[in-house]
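The values are calculated or read from the model by the stated rules, or taken from the named source; none is laboratory data. If you're wondering where the values come from, they're calculated on a predicted model, not measured in any experiment. Heads up, the Cβs are rebuilt from the backbone with ideal geometry, glycines too, and the neighbour counts pull from every protein chain shown.
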Amino acid sequence: MKRARTLLLPALVLLVAACGGGTAVDVTLEVTGPAGTVTLDMGDLEDLPVTEGWGGFVSSTGEISIPERFQGVSLADLAAEVGGIEEGMGLTVVAEDGYAMTLSYDQAITGAFIAYDPSTGAEITPSGPLRPIVAYARDGEPLGEDEGPLRLEVVSDERDQVVDGHWTVKWVAAIQIEAMGVEWTLELQGLTDESMDRGTFESGANCHEASWTDAEGHVYTGVPLWLLAGRLDGGNPHGDDAYDDALAETGYTIEVIAADGYSAVIESSLFHRNDGILVANQVDGAALPDGEFPLRLVGEGLSGGQMVSQVAALVGHFPGDETGGDAGGPAVPGEDALLTITGVVAEEVTLSAETASEFEVVEVTVADPEEGNLDFTGVRLGELLERAAPEAGATTLIFTAADGYSVRLGLADVLACADCLVAFCEEGAFDLAMPDMEHSAWVKDVVSIEVE
């Protein structure tokens, strides 16, 4: 087999306006990995083990390409030519025009892709293994001029699945194997739910790039919030009408939630078809720094408190739907809701569905620092602390959420807040409603209060 050792590829521009494409060139594939770089021509590729199967895709507009029979070389076999790929590494497939798609180890080696029924577009569990390949032939014939000579395909033994179109990169020119950043998932919840993996988000950022420049000149790039809203507002996420304009104009909110539980609420009137408000995954062409990674909400017209860092979820709150409705939620706590007050107290207090009747349940209207006046139902925090009876000398309260997020507040400040509330939220847990305090004090799913 002919192989030419070359220098490592220069840095490639990964974000472009169009997804894939190029002009005809000699058939060569440069593969870079732990052991160096090899350059393979068509003869070299055909000398490697052949992997074939049925491959098709569903485009971002919902158009389904029916599975066809492809032949090529598996990414696993190509990786073996340059020292292999191990867990924690990623494999980036690069097109001639610089468009790139990064696959995780699980995707490249075990075929961990979301699959869809080619007749309906509905998500399915594949009947057999999925294998990503660099295809050089369809039904034994070279690929067409509009897609090759090489393209990435995900194939299976049966003609019963397709994958998202961003995994089918055209005009493949290079493969780069290197240590991969931490994998992450963006949870989308609303009228439709989705767990969006890193690869899917980056594909959207490649195809629908938006940008915003902060006051210091740093350029953030990512996906417009309104496009992400189209994946949770009830429409077909693969259709031309994925984003519901009428619903956005009627009005709803998206709660942007950080990994530590902090959140901000954005009105649809602010992000409606507005490319200037985006969920960014890069700043100045690189991954976000640790304090913002993996995603940050940024954009013109957002307050500092609304520019949420370390974004983990987007939750749509729609009129009349159980995902939204009145911010105060139901008038009773959920069956599993539990809050304990411990520390330097005369009596440890437990608030639950069973014990809530021991306290006065009130309805209050208080000003959220991001959303304005909202209605809440719950138990006054002052009454709970009065029952616990903090010992003389106690000065601090530590509020902790179920996910580990915590905040420290002065005991005197909380006792002076007549309308501070342990509210019954729509998910059945307890949330803090803390008027006249920073948004960080509005802890969601609070499970304990320690008195120090």
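Of note:
- Selection status of Gly428, surrounded by 15 or more Cβ atoms within 10 Å (Cβ to Cβ) and not in a loop (DSSP other than H, G, I, E, B): no
- Filter pass, Ala229 being more than 14 Å from the chain's Cα centre (by Cα) and surrounded by 18 or more Cβ atoms within 10 Å (Cβ to Cβ): no
- Any strands (runs of 3 or more DSSP E) falling wholly within the stretch 120-236 and containing at least 2 residues that are at pLDDT 90 or above and in contact with a Gly (Cβ under 9 Å, 6 or more places away or on another chain): 131-138, 151-155, 162-164, 172-179, 185-189, 210-213, 219-224
- Contact map, the stretch 124-139: first residue in the same structural domain as Pro49 (by TED's automatic domain parsing) and surrounded by 12 or more Cβ atoms within 10 Å (Cβ to Cβ), second residue aromatic (Phe, Trp, Tyr) and assigned to a loop (DSSP other than H, G, I, E, B), Cβ cut-off under 6 Å, separation 6 or more or different chains; pairs are Leu130/Phe113.
- Annotation: of all residues in the stretch 20-34 being hydrophobic (A, V, I, L, M, F, W, C) and at pLDDT 95 or above, the one that is farthest from the chain's Cα centre (by Cα) is Leu29.
- Criterion (of a type in the set (Val, Ile, Thr) and touching a residue at least 40 places away in the same chain (Cβ under 8 Å)) met by exactly one of Thr395, Thr365: Thr395
- Residues in the stretch 143-170 that are surrounded by fewer than 21 Cβ atoms within 10 Å (Cβ to Cβ), in contact with a Phe, Trp or Tyr (Cβ under 6 Å, 6 or more places away or on another chain) and under 19 Å from Val31 (Cβ atoms): there are none.
- Filtered residue count, the stretch 257-284, keeping only those that are touching a Phe, Trp or Tyr at 6+ places or on another chain (Cβ under 9 Å) and either at pLDDT 90 or above or surrounded by fewer than 16 Cβ atoms within 10 Å (Cβ to Cβ) (or both): 16
- Meets criteria (crowded, with 18+ Cβ neighbours inside 10 Å, more than 37 Å from the chain's Cα centre (by Cα) and touching a residue at least 24 places away in the same chain (Cβ under 8 Å)) for Val349: yes
- Checking each residue in the stretch 258-305 for being under 14 Å from the mean Cα position of the chain (by Cα), without any contact (Cβ under 8 Å) to a residue 60 or more places away in the chain and not in a loop (DSSP other than H, G, I, E, B) picks out only Ala258.
- Among residues of the stretch 76-100, those that are at pLDDT below 90, touching a helix residue (DSSP H, G or I) at 6+ places or on another chain (Cβ under 6 Å) and assigned to a strand (DSSP E or B), counted: 1
- Of residues in the stretch 308-339 being modelled with pLDDT of 80 or more and acidic (Asp, Glu), the one nearest to Val256 (Cα to Cα): Asp336
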